[in-house]
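Some notes on the structure that comes next.
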Amino acid sequence: MIKTLLFVAVLFVAPVAHAAGGGDKKLPNKNWSFEGPFGEYDRGALQRGFQVYSQVCSACHAMKHLSYRNLSALGYSPEEVKAIAAQYTVMDGPDGEGEMFERAAKPSDKFKSPFENDNAAKYANNGALPPDLSLITKARVGGADYIYALLTGYEDHAPEGEELGDGQYWNKYMPGHKIAMAAPLSDDVVAYEDGSPTTTSQYSQDVSHFLTWAAEPEMEVRKQTGIKVLLFLFVFAVIMYRVKKKIWKNVKH
Ligand code: HEC
């Protein structure tokens, strides 16, 4: 009984708590290809988003839950994945003499983190810790919409009456508005090869797409399974209805 009550309480409280989180400004609602029951990731956007992450964000943010081999889901061939991994140097060992050694990363290695540990990351960032981005779209209310808004929501100056501390910047969408990350993107910082616009807005959109995939790589399969299950249930219901009709045909009721 108590369990049921608790369950009902959670059902009612969770959406309220959810709505209360996040900044006080409404997020712009982007039309993502992965939204809706038939939604899918756009491979082009994912590859461009990975490019933005690896050329810009990875200077400060780790993605420790991803391995290079996971990138094959973005449409890269095994050779391309190998070549991407080989651009990074990782520590391995100990070797036969007990020494650690450096080697080129392999597809089975996890994404290389920019800092050895959290303290080093904070030290390099004015005391603020750049969060791991592997699951960030799940960890923030608004998901991809929030990341996009955050990346495009910087203002040059704090509004009248607000003071920014050292290494703080004003962002319309960051809860509390003061963020210890300088605007990481500006036009033309990443060279796209597929002719997509090289604008802050496009970069932000692509990297948000990529981060959503990183947090929910199974989303497409999950949705397809859901549709199949619904189809099955529908067909099954029709069959059961007809079976019932047939069995009860000669029974008066
Ligand atoms: C120079 C280092 C640096 C770079 C480059 C950088 N960030 Fe950050 N980022 C930070 C720091 C530091 C924080 C913590 C800010 C805070 O807590 O105020 C942060 C915070 C964040 C947050 C969390 C905001 C929140 O709601 O708490 C997100 C999301 C984020 N960064 C995304 C990105 C993306 C995407 C890129 C690449 C386009 C990027 N960052 C590039 C340093 C960086």
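The values are calculated or read from the model by the stated rules, or taken from the named source; none is laboratory data. Worth saying up front: this structure is predicted, and the values here are computed from it rather than measured. Cβ: placed from backbone, ideal geometry, glycine included. Neighbour counts: every protein chain shown. Quick note on the areas: whole protein, heavy atoms, side chains included, nothing else; ligands and nucleic acids left out. Shrake-Rupley method; radii C 1.70, N 1.55, O 1.52, S 1.80 Å.
Summary of computed values
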item: All aspartates and glutamates inside 18 Å of LYS82 as judged from Cα atoms, apart from same-chain residues fewer than 8 positions distant; result: ASP92, GLU102, ASP109
item: Computed FRET value (nearest 0.05) for ALA237 with SER33, which takes r as the C-beta separation and R₀ as 30 Å; result: 0.40
item: Helix-derived mean residue ellipticity, 222 nm - over the chain, DSSP H n ≥ 4, -39500 (n - 2.57), to 500; result: -13500 deg cm²/dmol
item: From phi via Karplus (6.51, -1.76, 1.60), per-residue ³J(HN,Hα) for the range 119-134 in Hz, x at Gly/Pro; result: 5, 5, 5, 5, 4, 7, 10, 6, x, 9, 8, x, x, 4, 9, 4
item: Pairs beyond 27 Å (Cα-Cα), from LYS178/LYS223; LYS122/LYS178; LYS138/LYS228; LYS112/LYS138; result: LYS178/LYS223
item: Accessible area (Å², per residue) of the range 164-253, counting only protein heavy atoms and a probe of 1.4 Å; result: 66 Å²
item: Per-pair calculated FRET efficiency, R0 = 25 Å: ALA158 and TYR123 via Cβ, rounded to 0.05; result: 0.45
item: GLN87 paired with LYS172, simple spin-label distance in nm, labels 7 Å along Cα-to-beta-carbon; result: 3.2 nm
item: Cα gyration tensor category, rounded, prolate or oblate, for the chain with a/c compared to 1.5; result: prolate
item: Two-site label geometry, GLU102 and LYS252: point separation in nm, points 7 Å out along Cα→Cβ; result: 9.3 nm
item: Protection proxy ranking of 214-225, 125-136 - average other beta-carbon atoms within 10 Å, highest first; result: 125-136, 214-225
item: Summed residue charge, Cβ within 11 Å of ASP92's Cβ, Lys/Arg positive, Asp/Glu negative; result: -2
item: Average Cα contact separation per residue, the chain, under 8 Å, 6 or more apart, as relative contact order %; result: 24 percent
item: Filtered chymotrypsin sites (Phe, Trp or Tyr not before Pro), the range 42-110: DSSP coil and at most 16 other beta carbons within 10 Å; result: TYR88
item: Spatially proximal lysines relative to LYS244 (Cα-Cα < 22 Å; intrachain offsets below 8 disregarded); result: LYS252
